[in-house]
Amino acid sequence: MALQNAYLKGIMDDVVKRNPAELEFHQAVEEVLESLEPVIEKHPEYVEAGIVERIVEPERQILFRVPWVDDSGKVQVNRGFRMEFNSAIGPYKGGLRFHPSVYAGIIKFLGFEQIFKNSLTGLPIGGGKGGSDFDPKGKSDGEVMRFCQSFMTELARHIGPDTDVPAGDIGVGGREIGFMYGQYKRIKNEFTGVLTGKGLTYGGSLVRTEATGYGLCYFTEEMLNAKGKSFKGSTVVISGSGNVAIYATQKVNDLGGKVVALSDSAGYIYDPAGVNLDTVKQIKEVERKRIKEYIKYHPNAEYHEGCAGIWNVKCDVALPSATQNELDENAAKTLVANGCIAVAEGANMPSTPGAIEVFLKEGVLFGPAKAANAGGVATSALEMSQNSMRYSWTFEEVDSKLKQIMVDIYHNASAAAKDYGYEGNLVVGANIAGFKKVAEAMKAQGVI
Ligand code: NDP
């Protein structure tokens, strides 16, 4: 699908010109603009109000220096980012990513996608994203703490429980959120829900840790059920072995499926007996080691160098849950040839445009990230609600709200696709359903 509408094409050209060399951002915008062609034709009032021109431009871009001292006493300097993209329907909300590949283009693509994802949850949260090119891998706890404190010393000026509420993402888990929360509290002298993904002893919500992975499976199960299928008895491949992948594995098991492969950035493991989650959690969450270690405990499993090879493993359902553009057109063709019937994105933008085209053409059920992985941010919004009430819901209460949200997202995206003549295309459906609520709010609030 290439952009046909001259007005949207003009906006896309401006985005490329204004944000040179930010390829991931261009990719994310182009996909949304393609989906919006039928919406623009039906709603000339959005053109008149300049909604699309405004939505592709972040409301505020914050870039800052993050100096810190390593264990040998040497001064290190990283770069910090916060892209406050859109606040039409609520305070900016979106995670922080710490990974050496982080630059403005990655944070913009994530922040832009977050606008539509957050809208799809039905909860009052705007879109934003942030992070740093800091690499927590191989750093001591003391180094991670000093980095987080320096990062938050600047970020604290820009965020607040009613302004902008960051959370975790790649490289930012419970440890990092704890260090950043402590520093925010110290600077502001206030105990508020300014970050989500907090520990359970200081305002965190039950189910937040599991939410993205669980939500991904609730969404996928609903998508499968609509075609008379389910996870029960299916073979599943999940890329990554971080927060999303681990809790997706747990929920696939609960739903009667079997996960046979997981990966990290170096390679993947294949365990035909079904991956042992306790071992993976010990290696990744406790020891913070490589997935390769798995075969030491399970000699019948195999380890293969190179993470892209995971898509050669035969499966019924694939859940890419590592990083952007990890599944290309060739990998998609291999999955189809091996009989894969459903793909749902746990990571953000893991499938390349070519891969998505293959899935849609071949009739593979395809759940795009904005819809399929929205459970994390939805549960973050539930954490914000609990913090505001100074009250906590039980695990079952949060889990059942999460499940309902994911089921609703599936049906809303599905209905929007049908309304605009793209029945079965959840990429178009999710983009349109997410866009319309934000567009209406922007129109109502005037040109700001
Ligand atoms: P984690 O840091 O917990 O885990 C990331 C996993 O992906 C690790 O196994 C990591 O391997 C692998 N990975 C990271 N970068 C690459 C790369 N360049 N190539 C191959 N593998 C890579 O992150 P999360 O599980 O939280 O996030 C995974 C994805 O899910 C991201 O796209 C994120 O944006 C998305 N997401 C996360 C949410 C959340 O709540 N956490 C919410 C919604 C989306 P290694 O250890 O070798 O780096």
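Suppose accessible area is computed on protein heavy atoms with a 1.4 Å probe; arrange D14, D316, D70, D419 from highest to lowest.
Final ranking, largest accessible area leading: D419, D14, D316, D70.
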Computed over the range 153-201, the relative contact order (Cα-Cα under 8 Å, seq sep at least six) in percent reads 49
Between A21 and D419, what is the spin-label point distance in nm, taking each point 7 Å from the Cα along the Cα→C-beta axis?
4.2
Sequence order, the range 249-258: Karplus ³J(HN,Hα) from phi using 6.51 cos²θ - 1.76 cosθ + 1.60, θ = phi - 60°, Hz rounded, Gly and Pro as x, gives 4, 4, 6, 4, 4, 4, 8, x, x, 10
The chain, Gaussian network, Cα under 10 Å: of P20, P38, P368, the residue fluctuating most is P20
In the P(r) worked out for the range 6-55, what percent of Cα pairs fall beyond 18 Å?
25
Starting at 0 and stepping by 10 Å, how many percent of the alpha carbon pairs of the range 67-184 end up in each bin?
15, 47, 30, 8, 1
In Å², what does the accessible area per residue of the chain work out to with a 1.4 Å probe?
40
When every alpha-carbon pair in the chain is counted, what percent end up more than 30 Å apart?
41
The rounded separation in angstrom of the Cα centers of the range 1-40 and the range 91-118 is 18
Work out the length of the dipole vector of the chain about its Cα centre, built from +1 on the beta-carbon of each Lys and Arg and -1 on the beta-carbon of each Asp and Glu, and round it to the nearest 20 debye.
920
Contact order normalised by residue count of the range 211-372, Cα under 8 Å, 6+ apart, percent:
22
Quote the FRET efficiency, to the nearest 0.05, computed for F191 versus D70 with a Förster distance R0 of 41 Å and r equal to the Cβ-Cβ distance.
0.85
Accessible area of the range 161-258 with a 1.4 Å probe: how many percent of it is carbon plus sulfur?
48
For the range 316-356, go through all pairs of different Cα atoms, get the mean of 1/r, take its inverse, and jot down that Kirkwood value in Å.
9.9
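Compute and list, largest first, the equivalent-ellipsoid semi-axes of the range 1-90 from the alpha carbon gyration tensor, each √(5λ) rounded to a whole angstrom.
36, 15, 10
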Translational diffusion coefficient of the range 344-393 at 10 °C, 1.306 mPa s, Stokes-Einstein with Kirkwood Rh over Cα pairs, in µm²/s as a whole number.
124
Computed ³J(HN,Hα) along the range 424-438: with the Karplus parameters 6.51/-1.76/1.60, θ = phi - 60°, integer Hz and x for glycine or proline, the list is x, 9, 6, 5, 4, x, 5, 4, 5, 4, x, 5, 4, 5, 5
Would you mind computing, in nm to one decimal, how far apart the modelled labels at E302 and D278 are, each placed 7 Å from Cα along Cα→Cβ?
2.7
Taking springs between alpha-carbon atoms closer than 10 angstrom, which of N425, N276, N243 fluctuates most in the Gaussian network model of the chain?
N276
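Can you check what the net charge comes to around G131, using other residues whose Cβ is under 12 Å from the Cβ of G131 (Lys, Arg +1; Asp, Glu -1)?
Local net charge: +1.
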Would you mind computing, in nm to one decimal, how far apart the modelled labels at K137 and E397 are, each placed 7 Å from Cα along Cα→Cβ?
4.0
Between the alpha carbon centres of the range 337-402 and the range 302-330 the gap in Å comes to 18
For the range 211-372, one quarter of the surface area of the C-alpha convex hull, expressed in nm², comes to 8.1
Please quote Rg/Rh for the range 191-294 to two decimal places, taking the Kirkwood radius as Rh and restricting both calculations to Cα atoms.
1.03
MRE, 222 nm, helices only [DSSP H, n ≥ 4, -39500 (n - 2.57), over the chain, to nearest 500]:
-14500 deg cm²/dmol
Relative intensity, log₁₀ I(q)/I(0), of the range 377-446 from a Debye sum that treats every alpha carbon as a point, q = 0.23 Å⁻¹
-0.94
Applied in sequence order to the range 228-235, the curve 6.51 cos²θ - 1.76 cosθ + 1.60 (Karplus, θ = phi - 60°) yields integer Hz couplings, x standing for Gly and Pro, of x, 10, 7, 5, 3, x, 8, 9
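The values are calculated or read from the model by the stated rules, or taken from the named source; none is laboratory data. A quick note: this is a predicted structure, and the numbers were derived from the prediction, not measured. So basically every Cβ, Gly included, is an ideal-geometry build from the backbone, and we count neighbours across all protein chains shown. For the accessible areas, the whole protein counts, side chains as well, though only heavy atoms, and no ligand, DNA or RNA atoms are used. Shrake-Rupley method; radii C 1.70, N 1.55, O 1.52, S 1.80 Å.
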